[in-house]
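Asker: Please find one structure pasted underneath; my questions will follow.
Taken together, the values in this text are just the output of simple stated rules run on the coordinates, not laboratory data. If you're wondering where the values come from, they're calculated on a predicted model, not measured in any experiment. Cβ placement follows ideal geometry from the backbone for every residue including glycine, while neighbour counts extend to all protein chains displayed.
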Amino acid sequence: MALAVRVLSGAYHDSVKLMRISAATSGRPGVRGAAALMGTPMNLEQLAASGLLAEEAKGAGPNDLVLVVEADAPETAQEELTLMEAALTAPRTSGGAGPLANLSAPTLDAALADDPGINLALFSIPGPSVRREAERALKKGLHCLIFSDNVSLEDEVALKRMGRERGLLVMGPDCGTAHIGGVGLGFCNVVRPGGIGIVGAAGTGIQEAMAAIDACGGGISCALGTGGRDVSDAVGGLAMIQAIETLSEDAATEVLLVLGKPPEPAAMGKVLEAAAQCAKPVVAHFVGGHSEDILAHAGLHPADSLAEAGGLAVSLGGGRADAAAPALDSETRERIAGWSQKKDRGRRFLRGVYTGGTLCAEAQAIVGSTIPGIRSNAPLDKSHGAMADPMRSQGHAVVDMGDDIFTRGKPHPMIDPAPRSARLLQEARDPETAVVLFDVVLGLGAHEDPAGETAIAIESARESSPDVLFIASVTGTGGDPQGLAGQRARLAGAGALVADTHAGACLAAAAALEETLDL
Amino acid sequence: MSAKKLLEGVRVANVGVELFAESLSAQNAPVVQVDWRPPAGGDPEMIEHLDRLSVCDAANDDAIERLQAARPVWVDIGFAIEDIPGMGERTLLHAGPPITWEHMSGPLKGAMIGAALLEGWANDAKAAEKLCASGEISFEPCHHHSTVGPMAGVVSPSMPVSIIENRAPEELGGGGRAYCTLNEGLGKVLRYGAYSPDVLARLRWMSDELAPALRAALRVTPEGLDIKNVIARALQMGDEAHNRNVAATSTVARALMPYLAEAVSDTKVITRVAEFLAGNDHFFLNLAMPAAKASLDTMAGVEGCSLVYAMSRNGTDFGIRVAGLGDAWFTAPAKHPVGLFFPGYSQEDANPDIGDSAIMETLGVGGFAMAAAPAIVEFVGGSTAEAFQATNEMYGITWARSRDYTLPALDFAGVPTGIDVRQVIETGIYPVINTGIAHREPGIGQIGAGVLRAPEAPFQKAFEALVEKYSG
């Protein structure tokens with residue numbers, strides 16, 4: 001049996017708080033008794049009565065704080081004493097966040113002082129300011145999710161290197177989606193917990209895959225975004241490789257799903273090498289890329305679309321994948337055939353109007369495989385494919401409305417669909433437009449009723465341009481706050497052809513355009 | 001270290017768009033919104049300076065240890081001329097940074113006149129004013145003499161002064177002393193520039209009867225009265241230790257009474273002293289201020305330290321002193337407090353901010369500890385939410401949380417302590433100060449109480465000096 005004592009002169013603490021600390025220590029293993037009290041004569045008498053009045057405490061006065069621990073072993077007594085002293089000033093974090101959590105913290109440091117349990121900093125501040133703030137966060141041991149864009153390449157590389165050295169993830173810049181510990185960050189869908197861990201250099205790509213996983217009855221362990229530029233050779237897939245390594249070690253993750261636009265050659269090699277090192281099954285899909293690179297690595301599974309990749313991950317984890325297989329059913333084919341017979345001959349072009357950047361890329365990839373010459377403000381092939389004027393479509397064109405030129409000083413169209421609705425109308429009024437292809441993305445962070453807002457535009461467009469075929473996909477889950485079924489029904493009610501997956505919508509668009517060419 | 005731990009669950013600091021924090025809250029995920037603003041207003045040159053001044057971090061850690069360790073104890077009562085270091089026969093001390101007679105505001109001039117009359121240097125106010133203007137009297141800041149004074153803060157040679165000693169270990173700056181006059185009460189008092197015969201009569205009584213009685217009582221206590229302890233307890237009882245001192249004053253009275261009864265045989269004296277304490281809620285302020293000074297002075301001269309160890313106003317100028325910049329004052333014109341006024345007075349009657357009492361905010365109480373004092377939230381807008389916000393904001397410009405001064409309403413979080421010039425410049429958040437309001441004319445006294453922000457220029461000048469000295 002051992003007694004450990006500390007007397008802190010001139011320290012005042014509220015007696016109720018001291019009782020709480022005494023009680024907490026007394027209840028711990030190996031501790032026989034503990035007391036934290038001011039050295040008033042009465043308190044010292046009490047200590048003496050309970051056999052805790054050690055020699056050192058006898059001289060304590062009413063302004064001295066006395067800490068005493070009686071334990072089975074001297075080491076335990078000393079350890080507990082140290083813990084008690086720490087508890088005097090430790091903020092309470094047991095019940096949720098700190099006491100000031102309902103107020104905005106004036107600085108990150110102040111937030112950390114209030115809640116030392118914070119482990120992730122989410123940045124959505126101007127890009128040039130990110131590096132300084134994120135470096136501070138990393139120095140404090142925080143993982144970072146950088147939603148901001150306009151962060152320089154140099155800053156991105158510096159932050160990711162620093163994160164890697166410290167074992168901290170740096171997601172982004174320009175990372176819009178993540179799902180960690182059951183919590184969605186940024187734009188994210190509500191999904192069941194499960195065994196699929198997603199690593200994505202593509203925000204809406206992650207969401208589309210999540211939606212497919214959900215539709216197949218699968219669930220997510222985690223989704224980590226990296227930002228699109230991570231897979232450039234300049235960054236070298238630093239975050240993606242780190243994320244793959246993290247999920248490889250994660251017990252809850254059974255299958256990995258690696259997504260993005262095609263990495264640049266050197267980054268591609270490193271990323272696939274890291275993926276191939278993983279002992280778990282890995283599905284890899286790069287929008288607009290080729291499967292050969294993936295097939296070249298044993299253990300990696302390619303897919304033809306985001307949705308299919310999601311479905312494949314479910315089946316590799318032992319689930320069913322049927323719901324994610326994009327194919328045109330007979331009903332859709334008949335509808336397209338009926339439409340093409342009635343429509344004006346001059347209407348012959350595809351116009352895609354997107355809120356999701358990766359979905360815009362997937363549209364170019366899938367529709368482009370049968371319909372050549374599609375241009376975009378965010379072209380898959382930068383060398384030839386850029387629109388002359390992003391504000392006015394010509395020929396086959398798909399527009400990413402989330403691009404900087406549309407969002408400068410404005411909310412993203414996933415948050416405020418109004419600019420996209422205006423563009424839908426603009427495209428439908430163009431007498432050369434045959435098909436308007438568009439996405440609706442649901443989930444946390446997105447507009448509360450994007451289908452409703454968009455449906456109004458479609459109804460209006462169909463009054464003046466009844467010949468235009470509207471083809472939509474809705475990226476979402478039944479758990480999303482907007483409600484997947486209701487959002488689909490709203491678009492269908494407005495006259496749009498609503499596909500089950502985005503890839504399905506692209507196939508329908510391609511089929512419709514082929515019909516126009518056939519005539 | 002790996003990222004595996006993160007996957008178990010996120011606790012997020014959301015820096016930027018609030019929408020993301022709302023989304024996390026809706027998922028019942030712990031999140032703190034950080035009210036981010038471009039550092040130093042986004043000025044790249046200033047940001048570079050800020051980054052270079054990270055050299056101050058270590059010194060600040062050292063200095064804050066000294067502040068945290070300070071243990072101010074009320075050990076005795078003496079007289080200005082005998083006890084205050086460097087006090088001269090024809091010296092009058094005043095609050096704030098140095099100032100000449102010509103530039104003094106009404107209440108400070110009034111207090112100087114009153115002090116000259118009290119000392120018997122002149123027979124009437126006119127003669128006293130003439131004397132003050134003649135250059136025969138030496139006017140010096142209290143702060144240059146280990147002293148602090150509320151409002152005008154005038155100390156004349158014959159005045160009794162409380163002696164506060166820092167009983168921290170010597171290696172942490174212990175042993176230093178600070179001095180302050182005894183508090184006269186509210187209304188027409190010298191510290192607000194009143195000098196009518198009743199004011200002077202009270203001061204004489206304080207000198208002749210109150211001070212000796214309290215001294216006798218103090219001298220029979222085993223080791224004086226631990227003021228740190230009283231401030232800490234008062235924060236648990238609704239004081240913020242600047243504009244509300246009723247709990248602390250009561251605590252001191254309760255602690256002293258047995259010793260007073262033991263030390264003083266004349267029960268009439270005991271009665272008058274007890275009545276005086278009972279009728280003066282702010283008696284404790286004149287103990288809290290030198291306690292704060294004795295604590296903060298331990299940081300003075302710590303090389304490389306960017307923490308403020310004094311904020312003070314003389315009714316004309318507001319000044320600060322910074323630990324790593326020695327004795328220098330960084331000043332700007334004092335602002336007018338915004339407040340609540342006694343009947344018959346309004347904002348137009350208010351004198352610019354005055355007094356050494358901002359030493360309380362420098363310590364981290366007063367306006368910084370508004371979350372402790374729901375009873376006086378009217379000063380900050382009327383709601384406890386605003387009081388919490390005042391304290392919350394100050395965490396953005398302070399180096400630490402006090403270990404001993406804690407806020408029950410915030411789960412016993414320590415008050416924000418150690419104002420960092422760099423953080424003030426980085427955030428653009430300026431210290432919030434609670435204060436009494438003096439009439440701008442001499443002789444009238446206190447007309448209200450309120451709150452204000454420290455002016456920006458002293459911090460900007462101090463920052464430039466830090467850059468000059470330390471960022472090379």
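Asker: Expressed in nm to one decimal, what extension gain is obtained for the pair B:Arg219 and B:His144 from 0.36 nm per residue of sequence separation less their Cα-Cα distance?
Answerer: Additional length available on full extension: 24.2 nm.
Asker: Right, another one. As a test of the formula, what do you get for the protein assembly as shown when each DSSP H run with n ≥ 4 contributes -39,500 (n - 2.57) and the sum is divided by the residue count, at 222 nm and rounded to the nearest 500 deg cm²/dmol?
Answerer: -11500 deg cm²/dmol
Asker: What stretch of chain B, leaving out the sites themselves, is the longest with no GluC sites (Glu not before Pro) in a DSSP loop having at most 15 other Cβ atoms within 10 Å?
Answerer: Maximal segment without exposed cleavage sites: B:304-455.
Asker: Please state the relative contact order of chain B as a whole percent: Cα pairs under 8 Å, 6+ residues apart?
Answerer: This gives 19 percent for chain B.
Asker: Hey, can you grab everything whose amide H is under 5 Å from the amide H of A:Asp250? Only 5+ residues off in sequence or another chain; H modelled, so Pro and N-termini drop out.
Answerer: Sorted by chain and number, the residues that satisfy this come to none at all.
Asker: If you take each beta carbon of peptide A:114-121 and count the beta carbons of other chains within 10 angstrom, what is the mean?
Answerer: Rounded to a whole number, the mean comes out at 6.
Asker: Counting pairs of alpha carbon atoms under 8 Å apart in space and at least six apart in sequence, what relative contact order in percent does chain A give?
Answerer: Here the relative contact order equals 10 percent.
Asker: Hey, if you put +1 on the Cβ of every Lys and Arg and -1 on every Asp and Glu Cβ in the protein assembly as shown, which of A:Ala472, A:Gly176, B:Leu131 ends up farthest toward the positive end of that dipole?
Answerer: Farthest towards the positive end: B:Leu131.
Asker: When the Karplus curve 6.51 cos²θ - 1.76 cosθ + 1.60 is applied with θ = phi - 60°, which whole-Hz ³J(HN,Hα) does each residue of the stretch B:310-319 get, with x for Gly and Pro?
Answerer: Karplus values, whole Hz, x for Gly and Pro: 7, 10, 7, 9, 10, x, 10, 10, 10, x.
Asker: Could you please report the charge total around A:Leu169, scoring K, R as +1 and D, E as -1 over all other residues with beta-carbon less than 14 angstrom from its beta-carbon?
Answerer: -1
Asker: For A:Gly194, what residues show an amide H to amide H distance below 5 Å, using hydrogens built from the backbone and excluding near sequence neighbours?
Answerer: Here A:Ile220, A:Ser221 satisfy the definition.
Asker: Compute the angle between helix A:418-429 and the longest alpha-carbon principal axis of chain A, please, reported from 0 to 90 degrees and rounded to the nearest 10.
Answerer: That helix lies at roughly 10 degrees to the long axis.
Asker: Something else now. Given R₀ = 45 Å, what would the calculated FRET efficiency be for B:Thr271 paired with B:Val55, taking r from the Cβ atoms and rounding to 0.05?
Answerer: Taking R0 as 45 Å, the efficiency between B:Thr271 and B:Val55 is 0.15.
Asker: Additional query: A:Glu331 versus A:Ala388, label points 7 Å from Cα toward the beta carbon: distance in nm?
Answerer: 4.2
Asker: Next up: Dipole of the protein assembly as shown, Cα-centred, from +1 at each Lys and Arg C-beta and -1 at each Asp and Glu C-beta, to the nearest 20 debye?
Answerer: It comes to approximately 820 debye.
Asker: Next up: Report, in whole Å, the centroid distance computed from the Cα atoms of the stretch B:115-175 and the stretch A:418-485.
Answerer: 78
Asker: Here is a follow-up. Have a look at the DSSP beta bridges in the protein assembly as shown and tell me what percent are antiparallel, nearest 5.
Answerer: 50
Asker: Looking only at the stretch A:1-43, which residues have a backbone nitrogen under 11 Å from a spot 7 Å from the Cα of A:Ala49 in the C-beta direction?
Answerer: Output list for this probe position: A:42-43.
Asker: For the stretch A:343-368 and the stretch A:102-127, compute the distance between their C-alpha centroids and round to whole Å.
Answerer: One Cα centre to the other: 41 Å.
Asker: If you wrap a convex hull around the alpha carbons of chain A, what volume per residue comes out, as a whole number of Å³?
Answerer: Dividing the Cα hull volume of chain A by its residue count gives 168 Å³.
Asker: Another question, if that's okay. Output the relative contact order of the stretch B:315-381, whole-number percent, from Cα pairs under 8 angstrom with separation of 6+ residues.
Answerer: Dividing the mean separation by the residue count of the stretch B:315-381 yields 26 percent.
Asker: Please compute the Kirkwood hydrodynamic radius over the stretch A:396-518, one decimal place, Å, based on all pairs of different Cα atoms.
Answerer: Radius from the Kirkwood sum: 14.7 Å.
Asker: Then there is this: Sequence-distant or interchain residues sharing an amide H contact under 5 Å with B:Phe79, placed H: which?
Answerer: Sorted by chain and number, the residues that satisfy this are B:Val161.
Asker: With Cβ to Cβ distances under 11 Å as the rule, what net charge do the other residues near A:Lys280 carry (K, R +1; D, E -1)?
Answerer: -3
Asker: Based on the mean of other beta carbon atoms within 10 Å per residue, what is the order of B:32-43, A:54-65, A:142-153, A:347-358, most packed first?
Answerer: Packing order, densest peptide first, comes out as A:347-358, A:142-153, B:32-43, A:54-65.
Asker: How many Cβ atoms of partner chains, on average, are near each residue of A:58-66 if near means within 10 Å of its Cβ?
Answerer: 2
Asker: With θ set to phi - 60°, apply the Karplus curve 6.51 cos²θ - 1.76 cosθ + 1.60 along the stretch A:72-79 and write out the HN-Hα couplings as whole Hz, x wherever there is a Gly or Pro.
Answerer: 5, 10, x, 5, 4, 4, 5, 4
Asker: About the Cα centre, and with charges only on the beta carbon of Lys, Arg (+1) and Asp, Glu (-1), how big is the dipole of chain A? Nearest 20 debye, please.
Answerer: For this selection, approximately 600 debye.
Asker: Tabulate in residue order the Karplus-calculated ³J(HN,Hα) for the stretch B:352-367, using 6.51 cos²θ - 1.76 cosθ + 1.60 with θ = phi - 60°, rounded to whole Hz; enter x for Gly and Pro.
Answerer: For the stretch B:352-367, the Karplus-derived couplings read x, 3, 8, x, 7, 5, 5, 4, 5, 5, 4, 6, x, 10, x, x Hz, x marking Gly and Pro.
Asker: Further question: A:Leu517 versus A:Arg345, label points 7 Å from Cα toward the beta carbon: distance in nm?
Answerer: 1.9
Asker: Right, next: Which entries in the list A:Lys139/B:Lys5; A:Lys140/B:Lys4; A:Lys140/A:Lys270; B:Lys335/B:Lys461; A:Lys160/A:Lys270; B:Lys109/B:Lys188 go over 19 Å, if you measure between the two C-alpha atoms of each?
Answerer: Flagged as over cut-off: A:Lys140/A:Lys270.
Asker: In peptide B:219-225, how many Cβ atoms from other protein chains are near each Cβ within 10 Å, on average?
Answerer: 1
Asker: Can you give me the span-like helices of chain B, meaning DSSP H runs with 15 Å or more of Cα extent along the axis and Kyte-Doolittle mean at or above 1.0?
Answerer: What comes out of the filter, once short or polar helices are dropped, is B:106-118.
Asker: Okay, which of the stretch A:342-371 sit inside 20 Å, backbone N to the point 7 Å along the Cα-Cβ direction of A:Glu432?
Answerer: Flagged as within label range: A:343-354, A:364, A:367-371.
Asker: Can you compute the FRET efficiency between B:Leu186 and A:Lys58 using 1/(1 + (r/R0)^6), with r the Cβ-Cβ distance and R0 = 35 Å? Round to the nearest 0.05.
Answerer: The pair B:Leu186/A:Lys58 has a calculated efficiency of 0.20.
Asker: Could you work out how far helix A:357-368 tilts from the main Cα principal axis of chain A, as a 0 to 90 degree angle to the nearest 10?
Answerer: 30
Asker: Ranking request for peptides A:406-419, A:439-452: highest mean number of other beta-carbon atoms within 10 Å first, then the rest in descending order.
Answerer: With the highest mean Cβ count within 10 Å placed first, the list reads A:439-452, A:406-419.
Asker: If you place +1 on the Cβ of every Lys and Arg and -1 on the Cβ of every Asp and Glu, how big does the dipole about the Cα centre of chain B come out, in debye to the nearest 20?
Answerer: Dipole about the Cα centre, nearest 20: 680 debye.
Asker: Next up: Can you tell me the FRET efficiency between A:Ala86 and A:Met1 if r is taken as the Cβ-Cβ distance and R0 is 30 Å, rounded to the nearest 0.05?
Answerer: 0.80
Asker: Compute the acute angle (0 to 90°) between the alpha-carbon long axis of helix A:15-26 and the principal axis of greatest extent of the alpha-carbon atoms of chain A; round to the nearest 10°.
Answerer: For A:15-26 against chain A, the angle is about 90 degrees.
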